[in-house]
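First comes the structure, then the notes that go with it.
The values are calculated or read from the model by the stated rules, or taken from the named source; none is laboratory data. Values in this document were obtained by computation on a predicted structure and should not be read as measured data. Here the Cβ positions follow ideal geometry from the backbone for every residue, glycine too, while neighbour counts run over all protein chains shown. Side chains included, ligands, DNA and RNA excluded: accessible areas come from the protein's heavy atoms. Shrake-Rupley method; radii C 1.70, N 1.55, O 1.52, S 1.80 Å.
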Amino acid sequence: METVTFKGTPCHTYGVMPSVGEDAPCFHLTGKDLAEVQCHDFVGQRVVLNIFPSLDTEVCARSVRRFNEEASKIENAKVICVSMDLPFAMNRFCTTEGIEDVIVASAFRSPLFGQKYGVQLCDGPLAGLLARAVVIIDVDRKVIYRELVSEITNEPDYDAALRVLRGEY
């Protein structure tokens, strides 16, 4: 169990985030076109999991925009933005915002995703949604970076994540 806060109120997650050096849990998510987005789709690539509660909040939307802006600049890297939002809402957001360089994927059919990654909130006002986190997985499916943002209303440390993704760590 991990502990984060939402506007200062403690919230807990099911499970614990994988540590740096561990094998990344495989995932099965649903893309904006309702097709499956699976860990096996990204063999040989570095993957950034940008995890957040909902695209309907400005902080979450900013994280998608920021990773979209940076994604096209980094070779052999894919960014998957994961929330419990329905694929239809994700598609609408990407179309409206001109988001083209990240993959959006919903965990609405995959409750084990949030538990395996230790990010599904089990109490507090956002119970059932995902906490804000960034996990970077290398080409060998090892976790090379993890950040569980301690206050859900804050943005992740983009610079630290991008340094690791660029191999500058």
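Here's how it looks for Ile103: its modeled amide H is under 5 Å from those of Val79, Ile80, Cys81, which are all 5 or more places away or on a different chain. Considering helices alone, the calculated mean residue ellipticity of the chain at 222 nm is -6500 deg cm²/dmol, with DSSP H runs of length four and up weighted by -39500 (n - 2.57) and normalised per residue. Of all the stretches in the chain, which is the longest one without any exposed loop site, taking GluC sites (Glu not before Pro) in a DSSP loop (any state but H, G, I, E, B) with at most 10 other Cβ atoms within 10 Å? Value returned for the longest uninterrupted segment is 1-74. Protein heavy-atom accessible surface, 1.4 Å probe, per residue over the chain: 46 Å². Rounded to the nearest Hz, the phi-derived 3J(HN,Hα) couplings of the range 125-140 under the Karplus curve 6.51 cos²θ - 1.76 cosθ + 1.60 (θ = phi - 60°) are x, 9, 3, x, 8, 9, 6, 8, 7, 10, 10, 10, 10, 7, 5, 9, where x marks glycine and proline. Annotation for the range 71-101: trypsin sites (Lys or Arg not before Pro) lying in DSSP loop with at most 11 further Cβ atoms inside 10 Å of their Cβ are Lys73.
Of the residues Ser63, Ser19, Ser83, the one that moves most in a GNM of the chain with alpha-carbon contacts below 10 Å is Ser19. Could you tell me which of Phe108, Ser83, Val134 has its Cα farthest along the dipole of the chain towards the positive end, charges placed at Cβ (Lys, Arg +1; Asp, Glu -1), taken about the Cα centre? Towards the positive end, the residue furthest out is Phe108. With both bridge residues required to lie in the chain, what share of the DSSP beta bridges run antiparallel, to the nearest 5%? Counting DSSP beta bridges with both partners in the chain, the antiparallel share is about 65 percent. Anisotropy class assigned to the chain is rounded, per the alpha carbon gyration tensor with a/c under the 1.5 cut-off. Within the accessible surface of the chain, defined with a 1.4 Å probe on protein heavy atoms only, the carbon and sulfur portion equals 49 percent.
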